[in-house]
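One structure is given here, and the rest of the page talks about it.
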Amino acid sequence: MSVVIKTVRAYLKDPTTTGLYLILFLFMLVFFLWPLLAMVLASAEGPSGPSLSYYTDFLARKLLVNSFWNSLMMATISTASATAVGFLFAYATTRVDMPGKRFFRGVVILQLISLPFTVGLSFVMLFGRRGLITYGLLGRPFEIYGWHGLWVVQTLTFFPLAYLVMVGVLKSIDPALEYAARNLGAGSAHVFRDVVLPLSIPGVASAALLVAMNVLGDFGNPALIAGDFSVIATEAYMQIVGWGDFRMAAVLCNILFLPVFVLFFAQKYWVSRKLYVTVTGAPTQLEIKKSGKLVKWTLFGFCSAISLVIVLIYASIGLGAFAKTWGVDYSFTPQHLQDVTFQGIPAVRNALIFSLCSGFACAILGVLDAYIVFRKRMPGRQILDFISTLPAAVPGFLLGIGYILSFNTPPLVLTATAYIIILNNIVRDLPTGYQAGIAGIQQVDVSIEEASTNLGAGTFQTLRNIVVPLLKSAFGAGFIYAFIKCMTTVSAVIFLITPEWNLPSPIILGLAGHGYWGQAAALSAILLTIVVGTLVICRLVAGRRIQLFEV
Amino acid sequence: MESLISVGDAIHRSEDTNVKILREAKAVAKTTSILIVVAIVVVAALGGAAYYSSIPTAPTVTTPTVTKPPKPTGPLMVYSALHEFEIGRICSAFAEETGIETKFLRASAGELSARVEAESKKPIGDVVLGGPCLNHENMKTKGLLLQYKSPTATEIDAKFHDKDNYWYGFYLGAIGFCVNTGRLTTLKFAEPKSWKDLLNQTYKGEIVSSNPATSGTAQTIFATMLQLYGWDAGWEYLKALHKNVHHYERAGAAPAQRVGAGEFAIGLAFGHDIQKIIVGGYPVKLIFPEEGTGSEIGGLAIIKDGPNPAAAKAFVDWMLGKKAGQLHTDISLRVSTRKDVALPLGAVPLEKIKLMNYDYKWAADNMSRILKEWEKVVAG
């Protein structure tokens, strides 16, 4: 009883925090937890009352069961390769003194901010059966469609995520440890094996789980590259758009969500606890030891090869946008750009509006969320922390379908409005805003806030006069991340678009699937220009104050 | 002295506390007011959203007492299975002529009928433009379409329309083989002449088709085979064909595009989609199978309880007219159901094709059964 009273008292003592807390909670309850619950309810409802008939039906349908195993298989192999590439990239750019590091980082950032299925589209154009390189230059047709093509594409698409995590981890490994090992007589291979690798293993696990969650949830690349290799994401899509069977789609989503949820839990409560980042004290002034020539140039060659492929990917998008007929006639034409204007311009305008809205909302909510969770010792903050990070683990198409199921009927009817798309994006990008907020909060010494409180300021005043001004850069970072993600997202919004509220990314995917590569490339190029432009403008305006992608 | 200091301290302290309490109270008041404002904004936004999204179901346009119907205004929401750029051209022409703002969403025919069904409680689209009429027939059976007698429809042969005026046919098409002659020559394969030829093992991995769960084209192909050979023999054929098919595309015209680009040797698609590739300058040949082939009537229908029925009716009247018919045929090479629409260079008149006696009604009635059976075939 006394605990309850204490809790209530704690809430009443600080109305600002309590108010924010309630708003955040309510928001996540309605726009995140309710759609998830709706998925479970929809899948567990039979013709008469609750039943598991849809699940038994799923088990009886071989195609669907196959797609589940295919998804797991693809996630496993892509995660292994993407994490390996990400690790090598991160190791090379943080701990090896090789030329061209800035270029390699730029390449990774480009990959991070572009449409998630750019690689799929350009791989068909470059390395497909009639690809510019495989067929045009090398003269040998290469079979890109299938699981192996998808594997390569997913590796290239998601290794930057692993890279980001690994850079953070590798940077935090104190070079002094390496010096110590060397002084004790260890060679460079020995140091790598016994010092660097063990220290980075938790980071590797963390990166791998992040990649796995993203591969499982990806929709665009399998749709373009997989051929007859069906995965859960494409099958769930097919259930809805082809069969109109929302319940079976919900079943597929729930079955996929189970492993993802386990991975998320493992990442959040097990792997991240094992990170050795916190053990390091003050940063050392020691320079990273020079690595051997062989290691240096091997890694340089590796990074160059990967970067070359990525450069080719974007070159093919640019070329494809203006080449008359890809694979046949490469003469210049502005036709593709003209073709996409009627539908493309309003769609891009919609995307900009949605991205601005959800960018601001994510940045504000993210910073407030981080402040409450990390600075206020309110009871129940762990729950808020959990539900603010969980959307990152929910596959996009799952939340898209969940939104249709929940906001299609009263009390809250939102389907076919702009709100449903904006809210969906806010929820899905909240974890990025939240992470940016946490990063910002941790850089502000708590003693400044304590000083403010000691001088008599309440929570609201402290928030306004101390926290907000100091967190401007965190706010900016959260905004940019969410903006970019919203501009390029496809897997959730593909279920929410209407003639009135159409978006460029589903249009591009449709064009690419239709075989209209030139037009797809043209609209991709427009979208990519806007996103890169935003990033460049942000750099010019804010300079180094906003830390983006921490590289 | 010591006590004095402590008393002074105490006074100071209490003053401090008072100030603190005052400030806290101010902050609380401020916060509360801000929270209330935020709450009001949120509630208003959500309420507004709910209100606006509920509008479509309200019958705002139908006022039976008015003798002269008001001039329809936009926006009109078009769901269409035609090609992206064709829809764009048609919609902008309609908007220009009538002043009705027009927006569209492209999806394959099977996807559209699933979508219209899913949205039936609160329809978002106004009309379904294009796609084989077996989908329109399906939607009619499920009660998803609006019955409407278009005055322009009398200018077209009644056999191309639904007898109850739920949908109208505005173009015709026949299934053919899209063959990349260059690729066949390099592979040293013979041209397929008939449905039977497609089962030839040399074509393994060289045939691309479309997915009947999404594509109206694929639905027509499947129904054609099942009608040509009968249910059991038809499935035997489709199973054997499946071994040669590389993969199934979501969109019915995509196989023609892929074959045009030279990725595959043979694609199954509607003749007009193949003709478009040929006119586009690709080394492709259109072959109609010897046994006879299935055909479609491209349908146009109004969605029941759509947001803008007045504009939808205006669109149907306009689309069935000569001017729109000519525009559509010119950009798409599809044969119009109107006799007075001239065929552009490259289009194939249907009289020159050996057509089988294809029954779209049977296809519509049996489609869900066909899809279930097909999933088993694909799963192996």
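Is there a residue being of a type outside the set (K, R) and either outside the structural domain of B:D273 (by TED's automatic domain parsing) or on the phi > 0 side of the Ramachandran plot (or both) anywhere in the stretch B:206-217? For the stretch B:206-217, residues of a type outside the set (K, R) and either outside the structural domain of B:D273 (by TED's automatic domain parsing) or on the phi > 0 side of the Ramachandran plot (or both): absent. Looking only at residues that are within 23 Å of A:S388 (Cβ to Cβ) and more than 14 Å from chain B (Cβ to nearest Cβ) in the stretch A:1-25, which one is surrounded by the fewest Cβ atoms within 10 Å (Cβ to Cβ)? Once the filter is applied, the top-ranked residue is A:T7.
A single entry from A:M98, A:M28, A:M73, A:M39 fulfils the requirement of being within 14 Å of another protein chain (Cβ to nearest Cβ) and out of contact with any strand residue (DSSP E or B) (no Cβ under 9 Å at 6 or more places or on another chain): A:M28.
In this structure, is A:F360 in a helix (DSSP H, G or I) and farther than 27 Å from A:V241 by Cα? Criteria met by A:F360. For the stretch B:349-364, the criterion of a residue being away from every other protein chain (no Cβ under 14 Å), of a type in the set (F, W, Y), within 30 Å of A:M238 (Cα to Cα) and buried (at least 16 other Cβ atoms within 10 Å of the Cβ) is satisfied by at least one position. Residue count for the stretch A:296-336 satisfying the condition of being crowded, with 16+ Cβ neighbours inside 10 Å and either part of a strand (DSSP E or B) or touching a Cys at 6+ places or on another chain (Cβ under 7 Å) (or both): 2. Of all residues in the stretch B:310-361, those satisfying the criterion of being in contact with a Lys or Arg (Cβ under 8 Å, 6 or more places away or on another chain) and of a type in the set (V, I, T) are B:I331, B:V341.
Output the residue which, of all residues in the stretch B:182-221 that are in a helix (DSSP H, G or I) and within 13 Å of chain A (Cβ to nearest Cβ), is nearest to B:A107 (Cα to Cα). Can you show your working first?
Here is the first cut: in the stretch B:182-221, the residues in a helix (DSSP H, G or I) are B:182-187, B:196-199, B:201-203, B:216-221.
Pick out the ones that are also within 13 Å of chain A (Cβ to nearest Cβ) and you get B:182-183, B:186-187, B:216-219.
Working: B:G182: 31, B:R183: 30, B:T186: 35, B:L187: 34, B:G216: 10, B:T217: 13, B:A218: 14, B:Q219: 15 Å.
The extreme case among them is B:G216.
Taking (1) more than 12 Å from chain B (Cβ to nearest Cβ); (2) out of contact with any helix residue (DSSP H, G or I) (no Cβ under 8 Å at 6 or more places or on another chain) in turn, A:A370 satisfies each apart from (2). Scanning the stretch A:336-355 for residues that are farther than 15 Å from A:E500 by Cβ, modelled with pLDDT of 90 or more and of a type in the set (S, T, N, Q) yields one hit, A:S355.
Among the criteria (1) away from every other protein chain (no Cβ under 14 Å); (2) of a type outside the set (D, E, K, R); (3) in contact with a Cys (Cβ under 9 Å, 6 or more places away or on another chain), the one A:S473 does not fulfil is (3).
Yes or no, residue by residue, for (1) within 21 Å of the chain's Cα centre (by Cα); (2) of a type in the set (A, V, I, L, M); (3) surrounded by fewer than 24 Cβ atoms within 10 Å (Cβ to Cβ); (4) farther than 19 Å from A:L398 by Cα:
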position	(1), (2), (3), (4)
A:N465	no, no, yes, yes
A:L470	no, yes, yes, yes
A:F475	yes, no, yes, yes
A:F479	yes, no, no, yes
A:F483	yes, no, no, yes
A:C486	yes, no, no, no
A:T498	no, no, yes, no
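Taking the stretch A:42-132 and the helices (runs of 4 or more DSSP H) fully enclosed by it, the elements with 1 or more residues that are under 29 Å from B:A261 (Cα atoms) are at A:62-95, A:101-113, A:118-127. Go through A:G396, A:G380, A:G400, A:G359 for me and flag whichever is out of contact with any helix residue (DSSP H, G or I) (no Cβ under 6 Å at 6 or more places or on another chain) and either surrounded by fewer than 23 Cβ atoms within 10 Å (Cβ to Cβ) or not β-branched (V, I, T) (or both). The unique qualifying residue is A:G380. The set of residues from the stretch B:54-106 being at pLDDT 80 or above, surrounded by fewer than 16 Cβ atoms within 10 Å (Cβ to Cβ) and of a type in the set (S, T, Y) comprises B:T73, B:S92.
Listed by position, the helices (runs of 4 or more DSSP H) inside the stretch B:247-364 whose residues that are touching a strand residue (DSSP E or B) at 6+ places or on another chain (Cβ under 9 Å), of a type in the set (G, A, S) and more than 21 Å from A:D339 (Cβ to Cβ) number at least 2 are B:309-319.
Determine if the stretch B:139-160 includes at least one residue that is away from chain A (no Cβ under 14 Å), without any contact (Cβ under 8 Å) to a residue 24 or more places away in the chain and among the hydrophobic types (A, V, I, L, M, F, W, C). The answer is yes, given that some residue of the stretch B:139-160 is away from chain A (no Cβ under 14 Å), without any contact (Cβ under 8 Å) to a residue 24 or more places away in the chain and among the hydrophobic types (A, V, I, L, M, F, W, C).
On the given criteria, is A:D385 in contact with a Ser or Thr (Cβ under 6 Å, 6 or more places away or on another chain) and within 18 Å of A:G433 (Cα to Cα)? No; evaluated as a whole, the condition is false for this residue.
Can you tell which of A:V468, A:V446, A:V413 is more than 14 Å from chain B (Cβ to nearest Cβ) and either within 25 Å of B:E117 (Cβ to Cβ) or touching a helix residue (DSSP H, G or I) at 6+ places or on another chain (Cβ under 9 Å) (or both)? Residue meeting the stated conditions: A:V446. The set of residues from the stretch A:227-245 being buried (at least 24 other Cβ atoms within 10 Å of the Cβ) and among the small types (G, A, S) comprises A:A233, A:A236.
Looking across the stretch A:175-190, the residues that are touching a residue at least 60 places away in the same chain (Cβ under 8 Å) and not charged (D, E, K, R) come down to A:P175, A:A176, A:Y179, A:S188. Among the residues making up the stretch B:86-135, those that are of a type in the set (A, V, I, L, M), more than 13 Å from the chain's Cα centre (by Cα) and assigned to a helix (DSSP H, G or I) are B:I90, B:A93, B:A95, B:A118, B:L134. Return yes or no: is A:S491 outside any helix (DSSP H, G or I), more than 14 Å from chain B (Cβ to nearest Cβ) and out of contact with any strand residue (DSSP E or B) (no Cβ under 9 Å at 6 or more places or on another chain)? When the stated conditions are applied, A:S491 passes them.
The values are calculated or read from the model by the stated rules, or taken from the named source; none is laboratory data. Just so it is clear, the model here is predicted, and its values are computed rather than measured. Heads up, the Cβs are rebuilt from the backbone with ideal geometry, glycines too, and the neighbour counts pull from every protein chain shown.
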